[in-house]
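Report on the following structure.
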Amino acid sequence: MEELDKLQQFQQKIDAEKKIEPKDWMPEDYRKHLIRQISQHAHSEVIGMQPEGNWITRAPSLRSKIILLAKIQDEAGHGLYLYSAAETLGISREEMINQLHTGKAKYSSIFNYPSLTWADIGAIGWLVDGAAIVNQVSLQRTSYGPYSRAMIKICMEESFHQRQGYEIMAKMAQGTPEQKEMAQDALNRWWWPSLMMFGPHDNESAHTGNAMKWKIKRETNDELRQKFIDKTVQQAEVIGLTIPDPDLKWNEERGHYDFGEIDWEEFWRVVNGNGPCNKKRLNHHKKVHEEGRWVREAAAAYAKKQKNKQIAA
Ligand code: BYC
């Protein structure tokens, strides 16, 4: 009875749009659901640094190099906020990283595609960060306080990232025929994987039911995907690029763009570890994590020393 009362009060709080904070009572399934989603979100930010890092040394100007470096540093920061938000739910950073390394925790499918040309850096900023913004603006209203607050800060930085990418694409689309072709090729390769970032169709999405009930997610996968498409089609038109979907058409009645079917076989193949770069991304993370062990140990030893000094004083 007591548990039922607590559950009822919890749901009432959610329904009244009140935030759940770390020390509040919450059902175990809510806690687990959040740990899964927030930690996977954190892993995505950190793994997402790899395809972009590939171009730091080859950025075409000092200005573009500085901007790219700042953007990648932001992604690391986003990962850290999110790991901290997940830690408030009672899981350690070590355990989360372990789940990533053993394949128990996923990260966004999008980062398993290679960044082949400089235009890919444009496409990642424009489309991948653009999709992330649509998803994360919605998550600013998520029911868990620390996650919601992290999203507010992250979204401010993401909008700068999206512009960085769009600027690259706009410049290349207005450049030489070869540059325009490169921009179009990047759009062709990144368009469909960007749509996949929003996850499976609602009727195939195992977690959406609970996520909507608990207001962890405020809009469904399909609703967010549609928002992203509606917003992005015109941006492509403005810079003279063509979205690679012959079925893309404005639907006056629905007030939305209709679009072609996503290749769900490809989506699940990538999600399940068999995309073009899955093994490379994970192996790189494992290697660098191991190489950084001494830094973590040194930082922990220093913190302990400082604390002991403070106690002694
Ligand atoms: N990739 O029931 P569903 C960024 C999994 S990074 C891989 O619909 P849910 C950026 C899903 O986890 C952006 N896996 O799940 C960084 C579940 O498997 P598990 C990252 C996917 O959670 C650097 C299963 O499929 N953003 O911004 O209700 C540079 C069933 O799915 C994917 C976030 O993480 C996928 N695309 O909905 C640039 C946002 N889709 O967990 C940019 C936060 C689904 O049972 N996360 N799966 O093993 C979310 O909003 C939701 O978790 C999702 C999925 C919409 C992703």
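The values are calculated or read from the model by the stated rules, or taken from the named source; none is laboratory data. Please read all numbers here as calculations on a predicted model, not as lab measurements. Heads up, the Cβs are rebuilt from the backbone with ideal geometry, glycines too, and the neighbour counts pull from every protein chain shown. Surface accessibility is based on the protein's heavy atoms, side chains included, excluding ligands, DNA and RNA. Shrake-Rupley method; radii C 1.70, N 1.55, O 1.52, S 1.80 Å.
Some observations on this one:
- Identity of the residue in the stretch 21-32, within 24 Å of the chain's Cα centre (by Cα) and either assigned to a loop (DSSP other than H, G, I, E, B) or near the ligand (Cβ under 8 Å from one of its atoms) (or both), that ends up surrounded by the fewest Cβ atoms within 10 Å (Cβ to Cβ): Glu21
- Any chance Ile168 is more than 19 Å from the chain's Cα centre (by Cα), buried (at least 18 other Cβ atoms within 10 Å of the Cβ) and within 15 Å of the ligand (Cβ to nearest atom): yes
- Boolean, Ser143 is polar (S, T, N, Q), surrounded by 18 or more Cβ atoms within 10 Å (Cβ to Cβ) and touching a helix residue (DSSP H, G or I) at 6+ places or on another chain (Cβ under 8 Å): yes
- Candidates Lys18, Lys13 - the one that is more than 11 Å from the ligand (Cβ to nearest atom) and either surrounded by 15 or more Cβ atoms within 10 Å (Cβ to Cβ) or among the hydroxyl-bearing types (Ser, Thr, Tyr) (or both): Lys13
- Count of residues meeting criterion [open to solvent by 10 Å² or more (accessible area, probe 1.4 Å), among the hydrophobic types (A, V, I, L, M, F, W, C) and either within 10 Å of the ligand (Cβ to nearest atom) or without any contact (Cβ under 8 Å) to a residue 60 or more places away in the chain (or both)] in the stretch 71-104: 4
- A search for C-beta distances below 6 Å between a residue of the stretch 54-67 that is modelled with pLDDT of 95 or more and any residue that is open to solvent by 50 Å² or more (accessible area, probe 1.4 Å), counting only pairs 6+ apart in sequence or on different chains, returns Ala59/Lys65.
- Residue in the stretch 139-148 that is farther than 18 Å from Val46 by Cα, at pLDDT 95 or above and within 8 Å of the ligand (Cβ to nearest atom) present: yes
- Scanning the stretch 278-313 for residues that are of a type outside the set (D, E, K, R) and under 15 Å from Val46 (Cα atoms) yields a count of 8.
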